[in-house]
Amino acid sequence: MSNAIQIGPITIYMYGLMMGIGFISAYLVSDYRAKKRGMDTGIIFGILWCAIIGGLLGARVLYYIVELPSIFKDPSILWDFGTGYVVYGGIIGGVAGSYFYCRKKKVHFIEYFDLVMPSVALAQGYGRIGCTFAGCCYGRETTLPIGIIYHTSEVAPNGVKLLPTQPVSSAGDFLFAAILFLYARKKRTDGKVAALYLILYSVGRFIIEFFRNDYRGSVGVLSTSQLISIFIFALGIMLYCLAAKGRFEKNEAV
């Protein structure tokens with residue numbers, strides 16, 4: 001398993017390629033669904049860029065928080081931008097960036113939030129394929145026949161069989177995307193689709209964390225991501241209950 005593929009003089013890094021495919025897929029699908037619903041596709045394009053910028057900033061900031069002890073020992077980590085991004089920070093930053101963009105454009109945020117979140121799950125599925133090639137987010141050592149062995153990874157331990165946490169996460173994200181797309185085919189009260197994404201992702205992330213073996217920070221017996229998952233799950237449940245009561249409909253936009 002290698003992250004770099006050489007085609008003549010060109011080196012293609014699979015992590016970056018998969019991230020790019022994920023972003024493009026999310027945009028194209030969201031744009032297509034927006035057109036079918038008569039929504040402003042220009043807003044979708046703006047949300048894409050705000051989500052990318054906010055997501056990268058959020059992912060980096062949360063990484064700094066998790067790695068604070070290591071940064072004190074080696075401050076060069078601060079400007080090593082080749083690695084060091086935490087997905088939950090990306091989600092939070094991306095949502096925040098999109099929210100402020102929608103506020104500036106004076107459009108109903110929750111309506112667009114519902115529209116794009118299934119595509120976010122789709123993009124995450126491609127991103128985890130990139131993680132599989134890069135070796136990040138690797139699993140615990142295993143003797144199972146489904147394990148992954150790295151030989152030239154700069155992140156994962158080489159020469160040992162590891163649980164395939166990245167492709168399992170990818171499959172889970174694609175499954176969540178399928179569930180959300182199917183759920184959204186029927187008109188739902190504003191906020192329900194986004195809430196379901198938060199619930200599904202937080203549960204999946206909480207479970208997969210038990211099988212990962214890369215350093216992700218810890219709070220007691222939980223990893224940092226598991227602690228965040230608990231809050232995201234609670235937020236998803238609260239959002240869903242409020243959405244069921246019609247609290248986020250356009251005439252009551254927040």
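Quick check, is PHE174 open to solvent by 50 Å² or more (accessible area, probe 1.4 Å), in a helix (DSSP H, G or I), modelled with pLDDT of 95 or more and under 23 Å from TYR13 (Cα atoms)? Yes.
Give me the pairs: first residue in the stretch 147-168 and on the phi > 0 side of the Ramachandran plot, second residue modelled with pLDDT under 95 and assigned to a loop (DSSP other than H, G, I, E, B), beta-carbon distance under 8 Å, and six or more apart or on different chains, which are they? Within 8 Å, the pairs are GLY159/HIS151.
Only a single item in (1) of a type in the set (A, V, I, L, M, F, W, C); (2) surrounded by 13 or more Cβ atoms within 10 Å (Cβ to Cβ); (3) at pLDDT 95 or above is not met by LEU182, and it is number (2). Among residues that are open to solvent by less than 30 Å² (accessible area, probe 1.4 Å) and either under 30 Å from GLY135 (Cβ atoms) or not acidic (Asp, Glu) (or both), SER218 is not included. Checking each residue in the stretch 186-203 for being open to solvent by 30 Å² or more (accessible area, probe 1.4 Å) and either assigned to a loop (DSSP other than H, G, I, E, B) or touching a His at 6+ places or on another chain (Cβ under 7 Å) (or both) picks out LYS186, LYS187, ARG188, THR189.
Is one or more of the residues making up the stretch 227-241 touching an Asp or Glu at 6+ places or on another chain (Cβ under 9 Å), at pLDDT 95 or above, farther than 17 Å from ILE129 by Cα and open to solvent by 20 Å² or more (accessible area, probe 1.4 Å)? Scanning the stretch 227-241 turns up no residue that is touching an Asp or Glu at 6+ places or on another chain (Cβ under 9 Å), at pLDDT 95 or above, farther than 17 Å from ILE129 by Cα and open to solvent by 20 Å² or more (accessible area, probe 1.4 Å).
Considering LEU242, LEU198, which residue is under 19 Å from PHE176 (Cβ atoms) and touching a Gly at 6+ places or on another chain (Cβ under 7 Å)?
Within the list LEU242, LEU198, the selection yields LEU198.
Number of residues in the stretch 132-146 that are open to solvent by 20 Å² or more (accessible area, probe 1.4 Å) and in a loop (DSSP other than H, G, I, E, B) equals 9. Residues that are of a type in the set (Lys, Arg) and either modelled with pLDDT of 95 or more or in a helix (DSSP H, G or I) (or both) within the stretch 1-49 comprise ARG33, LYS35, LYS36, listed in sequence order. For residues in the stretch 82-131 being assigned to a helix (DSSP H, G or I) and β-branched (Val, Ile, Thr), which is modelled with the lowest pLDDT? The residue in question is VAL87. When the stretch 92-116 is limited to residues that are of a type outside the set (Phe, Trp, Tyr) and in contact (Cβ under 8 Å) with a residue 60 or more places away in the chain, the one that is nearest to ILE52 (Cα to Cα) turns out to be VAL116.
The values are calculated or read from the model by the stated rules, or taken from the named source; none is laboratory data. Being a predicted model, the structure only gives us computed values, none of them experimental. Glycine also receives a Cβ, built like all others from the backbone with ideal geometry; neighbour counts cover every protein chain displayed. Only protein heavy atoms, including side chains, enter the accessible area calculation; ligands, DNA and RNA are left aside. Shrake-Rupley method; radii C 1.70, N 1.55, O 1.52, S 1.80 Å.
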